[in-house]
Amino acid sequence: MASGKLIVFSAPSGSGKTTIVKHLLSETNLPLDFSISAASRSPREGEVHGKDYYFLSADDFRSKVAEDAFLEWEEVYKDNFYGTLKSEITRIWKEGKHVIFDIDVVGGLNIKKQFPKETLAVFVQPPSIEEMERRLRGRATETEEKIKMRVAKAAQEIDFSEKFDTILINDDLSLAKEDATQLVRSFLES
Ligand code: 5GP
């Protein structure tokens, strides 16, 4: 099987990791492609099936679990399942590209554990919990209850940051984008 590298970006929701991952995919010439996760939540406005996620019903998600189709999967929030399909990795490696992931902290460490040499695991750290909460509110896509749930989870996730290969502080977004590009470039060249 063709093989390449795996670049994991993990962080609490609202840390800016999705923006950084999108930057790496569209504004650099790095040979990367995005691992499209399966998710059982409903699409947000503007999200496209087969581009942002493969949106599945909870039942379809469970069938894929039973088929052993996932490299890793989790109930990230209650009744919201997310997972990395094994077929995404083979699809992208076959294209001759490296895989980039936007996944939660536990999923990111799980991939690092399964592919220790091939993986660069980056933890994106928001400047503070307060700033992260402000960003989540600014996004205005979530109910108050969901914002609270995401903020509570973020505090736990930050405790995992030392287990990552590197921590990228997202204080100033343009600097964080440059740092991320450098990090990934040197890992791919190593
Ligand atoms: P959101 O609902 O904001 O798109 O994602 C919620 C959380 O689930 C984020 O931290 C996101 O990175 C994570 N996530 C997305 N895809 C996956 C996946 O395939 N596996 C795991 N473990 N987490 C994921």
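The values are calculated or read from the model by the stated rules, or taken from the named source; none is laboratory data. On a predicted model such as this, the values are computed, not experimentally measured, just so you know. In this analysis, Cβ positions are derived from the backbone assuming ideal geometry, glycine residues included, and neighbour counts consider all displayed protein chains. Side chains included, ligands, DNA and RNA excluded: accessible areas come from the protein's heavy atoms. Shrake-Rupley method; radii C 1.70, N 1.55, O 1.52, S 1.80 Å.
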Checklist outcome for this item: Applied in sequence order to region 166-171, the curve 6.51 cos²θ - 1.76 cosθ + 1.60 (Karplus, θ = phi - 60°) yields integer Hz couplings, x standing for Gly and Pro, of 7, 10, 10, 7, 9, 9
Item to check | Listed residues GLU162, GLU130, GLU157 arranged by accessible area, highest first, probe 1.4 Å | outcome: GLU162, GLU130, GLU157
Checklist entry - If packing is taken as the mean number of other Cβ atoms within 10 Å per residue, what is the order of 164-173, 39-48, highest first? => result 164-173, 39-48
Next on the checklist: Keeping all protein chains in the complex and leaving out DNA, RNA and ligands, what accessible area do you get for PHE160 with a 1.4 Å probe, in Å² to the nearest 10?
Outcome noted: 70
Item to check | Amide H contacts under 5 Å for PHE70, placed H, 5+ residues apart | outcome: LYS86
Next on the checklist: Restricting to DSSP H runs of at least four residues, report the calculated mean residue ellipticity at 222 nm for the chain, -39500 (n - 2.57) per run over all residues, nearest 500 deg cm²/dmol.
Outcome noted: -13000 deg cm²/dmol
Next on the checklist: For a test of the definition: using alpha carbon positions, the gyration tensor, and the 1.5 limit on a/c, classify region 100-153 as rounded, prolate or oblate.
Outcome noted: prolate
Checklist entry - Considering only protein heavy atoms, what per residue accessible area in square angstrom results for the chain with a 1.4 angstrom probe? => result 51
Checklist entry - For the chain, what relative contact order do you get, as a whole percent, if you take Cα pairs closer than 8 Å and at least 6 residues apart? => result 33
